[in-house]
1. Residue 51 versus (1) out of contact with any helix residue (DSSP H, G or I) (no Cβ under 8 Å at 6 or more places or on another chain); (2) assigned to a loop (DSSP other than H, G, I, E, B): which is the lone unmet condition?
2. Just to be sure before I move on: is residue 66 within 13 Å of residue 47 (Cα to Cα) and over 18 Å from the mean Cα position of the chain (by Cα) in the structure I sent?
3. What is the number of the single condition among (1) at pLDDT 55 or above; (2) within 22 Å of the chain's Cα centre (by Cα); (3) of a type in the set (Val, Ile, Thr); (4) part of a helix (DSSP H, G or I) that residue 7 does not meet?
4. Among the residues in the range 220-243, are any aliphatic (A, V, I, L, M), free of Cβ contacts under 8 Å to residues at least 40 places away in the same chain and surrounded by 21 or more Cβ atoms within 10 Å (Cβ to Cβ)?
5. For the structure I just gave you, tell me whether residue 257 is touching a Phe, Trp or Tyr at 6+ places or on another chain (Cβ under 7 Å), closer than 20 Å to residue 299 by Cα and not aromatic (Phe, Trp, Tyr).
6. Failed condition for residue 288, given (1) hydrophobic (A, V, I, L, M, F, W, C); (2) at pLDDT 95 or above; (3) buried (at least 22 other Cβ atoms within 10 Å of the Cβ), with all others met?
7. Give, as residue ranges, the strands (runs of 3 or more DSSP E) completely inside the range 71-183 that count at least 2 residues that are modelled with pLDDT of 85 or more and either in contact with an Asp or Glu (Cβ under 9 Å, 6 or more places away or on another chain) or under 30 Å from residue 288 (Cβ atoms) (or both).
8. Based on what the data block shows, is residue 190 over 19 Å from residue 282 (Cα atoms), acidic (Asp, Glu) and either modelled with pLDDT of 90 or more or within 19 Å of the chain's Cα centre (by Cα) (or both)?
Amino acid sequence: MVDSNFTRGANLAGAVDLSSFARKNEPPAGAGQGVVDGAVKVPSLVMEASQETLAGFVKISNSLPILVNFATNRNETSASLTKKLSDEVIRRNGAMVLLVIDGDSNPELLEMFQIQSLPAVAAVLKGSPAPLFVGDQEVAAISQILDKVVELGRSNGLTAVAQVDENAAPPTLTLPPRIQAAYNAVDAGDYQLAVKEFEAALAESPADQLAITGLAQAKFLVRSSDLSMEEVLTKPAETLQDVLNKSDALMAMGHFDKAFDAILDTFAVADKEDRETLRTHLLELFKIAGDANELVAIARRRLASLLY
């Protein structure tokens with residue numbers, strides 16, 4: 001089944017921004033060193049990856065498209081799909097690279113990419129993942145989809161070429177001390193400390209997008225960690241706080257459109273003071289979803305129409 005929203009779209013349709021994931025994980029050895037004379041050095045055009053090694057590859061997606069094959073030993077068609085994808089990627093001479101991930105061993109990545117069944121294929125462009133299709137496909141269909149991914153990448157400035165170099169060094173993903181401390185706090189489950197560290201980073205550098213996005217994510221973790229999802233989603237939203245809680249619960253479950261609509265529906269009939277609270281909350285959710293997300297663009301347009 002092909003995700004037509006991605007293959008038709010003129011813009012990136014990433015489901016979730018992977019940049020924060022990349023920043024708190026170590027890069028794999030040999031994943032590339034950035035663009036040099038229009039080329040990104042990689043040890044191979046087809047590589048294995050996992051939750052622990054995906055981070056370095058995400059950096060490459062800022063220069064050229066990455067194809068991700070979520071494989072499984074539980075489906076006999078999976079190996080056939082991987083072979084077809086490998087052949088097609090190699091045939092494109094570095095226009096993209098292919099990562100093969102064991103879907104059964106990496107459930108967190110399946111959730112992150114919004115993969116519902118295996119085998120499945122996704123793409124990553126500029127740190128944002130987009131599901132492409134599930135199940136095995138004919139070579140002609142795969143070729144057409146990959147051509148569209150390459151075209152979409154180029155229209156978004158991803159014009160580098162992957163160059164095979166077995167001695168390619170890993171990318172550098174060092175972080176400023178405050179940002180690193182914030183991500184360490186997130187990993188330790190101390191979300192309040194993460195908020196403080198991100199706020200401190202912003203005080204030092206108000207335009208730091210890494211800190212801006214991280215602060216929104218950390219605040220969301222603080223708010224949502226104690227929510228009773230079932231209670232929040234089944235209880236009628238009678239107060240402003242109920243609306244905010246419901247939007248957070250929907251966001252945590254990956255229902256971005258419903259989370260945005262919960263706020264926008266209330267915004268349409270709210271008074272001036274409540275509108276500002278709702279608007280601020282919605283803008284934070286936008287940062288969590290990522291600007292590349294098509295649902296964010298749709299919600300932004302609706303917010304603008306309600307404002308003006």
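1. Checking residue 51 against (1) out of contact with any helix residue (DSSP H, G or I) (no Cβ under 8 Å at 6 or more places or on another chain); (2) assigned to a loop (DSSP other than H, G, I, E, B), the one that fails is (1).
2. Considered against the rule, which asks whether it is within 13 Å of residue 47 (Cα to Cα) and over 18 Å from the mean Cα position of the chain (by Cα), residue 66 comes out as no.
3. The one condition residue 7 does not meet is (1).
4. If we filter the range 220-243 for residues that are aliphatic (A, V, I, L, M), which is where we start, we get 221-222, 227, 229, 232-233, 237, 240, 243.
If we keep only those that are free of Cβ contacts under 8 Å to residues at least 40 places away in the same chain too, we end up with 221-222, 227, 229, 232-233, 237, 240, 243.
When the remaining residues are screened for being surrounded by 21 or more Cβ atoms within 10 Å (Cβ to Cβ), the result is 243.
Yes, the range 220-243 contains a residue that is aliphatic (A, V, I, L, M), free of Cβ contacts under 8 Å to residues at least 40 places away in the same chain and surrounded by 21 or more Cβ atoms within 10 Å (Cβ to Cβ).
5. Values: touching a Phe, Trp or Tyr at 6+ places or on another chain (Cβ under 7 Å): no; closer than 20 Å to residue 299 by Cα: yes; not aromatic (Phe, Trp, Tyr): yes.
Here the answer is no, as residue 257 does not meet what is asked.
6. The one condition residue 288 does not meet is (2).
7. 97-102, 120-125, 128-134
8. Spelling it out, residue 190 is indeed over 19 Å from residue 282 (Cα atoms), acidic (Asp, Glu) and either modelled with pLDDT of 90 or more or within 19 Å of the chain's Cα centre (by Cα) (or both).
The values are calculated or read from the model by the stated rules, or taken from the named source; none is laboratory data. Small disclaimer: the values here were computed from a predicted structure and weren't measured. Cβ atoms come from the backbone with ideal geometry, glycine included; neighbour counts cover every protein chain shown.
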